Amino acid sequence: MTRRTKLLLSIFLGALLLLVIYFISQRAMRTSAPEEVPSFGLSPADSGPAPCAYVWAQQDLPEIGQRFNADLQRLIPEATGDAYAFGEDCVREDGSRTFGAMETDFTINIPVSDLTDDAALGAYLERLIPFLSAYPTDGLPARLNRIDVRFFVSEQEFRYVRFELSAGIAAYEQGLRGVELLQEFDKK
């Protein structure tokens, strides 16, 4: 790179940095609070007019997880399951937080003897999708969405398959079964 090119690049990057600093300072100087804070299903008392910063968060759902685990073990006795809510924390100036759930997600752990046996792993998915699509959603804090399936031989040897329930149902309705289901989710 020539000396002139380096000089021009330095001037350009310096000007860009000044613009970024200007826009950040302008944004920081704005002090007006939002007129209304989204409640995400919270009661009005919990979602008052106090301004807040939203931060991605998740919250364990132990009671729902216990119910899901018991239902899952009726389908696949060796499996374990859990539930959590994904959403946002509204963090107020005083440090207080209010969680707003945007979706309910399930985790499923299935012990297997061979992580490369796509037919066996796909067979599990083939059984799970109809079960999950019919799973009762009353009592969930938000819509049932993400499914994380962890096939494992040991704590060090595992294979994850993650999908949104709607994509799982769509693949199943398109006629994908077994290995095809596994391949559909593995490529995502």
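The values are calculated or read from the model by the stated rules, or taken from the named source; none is laboratory data. What you are looking at is a predicted structure, and each value in this text was computed from that prediction instead of being measured. Reconstructed Cβ throughout: ideal geometry from the backbone, glycine too, with neighbour counts over all protein chains shown.
Here's the yes/no breakdown for (1) at pLDDT 55 or above; (2) exposed (fewer than 10 other Cβ atoms within 10 Å of the Cβ); (3) among the hydroxyl-bearing types (S, T, Y):
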residue	(1), (2), (3)
L9	yes, no, no
R30	no, yes, no
P38	no, no, no
S43	no, yes, yes
Q59	yes, no, no
G65	yes, no, no
N69	yes, no, no
### Query
Given the structure, is E93 modelled with pLDDT under 55 and more than 28 Å from E164 (Cβ to Cβ)?
no
### Task
Please verify whether region 169-178 includes one or more residues that are within 15 Å of A79 (Cβ to Cβ), in contact (Cβ under 8 Å) with a residue 24 or more places away in the chain and among the aromatic types (F, W, Y).
no
### Task
Looking at (1) in contact (Cβ under 8 Å) with a residue 40 or more places away in the chain; (2) farther than 22 Å from N69 by Cβ, find the lone condition where S96 falls short.
(1)
### Members of region 99-126 found to be small (G, A, S), under 24 Å from Q156 (Cα atoms) and touching a residue at least 40 places away in the same chain (Cβ under 8 Å), listed by number
S113, A119, G122, A123
### Message
What pairs come out if I take residues in region 127-150 that are under 18 Å from Q66 (Cα atoms) and in contact (Cβ under 8 Å) with a residue 12 or more places away in the chain and pair them with residues that are loosely packed, with under 13 Cβ neighbours inside 10 Å and of a type in the set (V, I, T) whose C-beta lies under 6 Å away, six or more apart or interchain?
### Response
L144/T137
### Task
Among the residues of region 160-184, write down those that are surrounded by fewer than 17 Cβ atoms within 10 Å (Cβ to Cβ) and in a strand (DSSP E or B).
Y160, R162, E164
### Query
Which residues, counting only those in region 133-147, are surrounded by 16 or more Cβ atoms within 10 Å (Cβ to Cβ) and out of contact with any helix residue (DSSP H, G or I) (no Cβ under 9 Å at 6 or more places or on another chain)?
A142
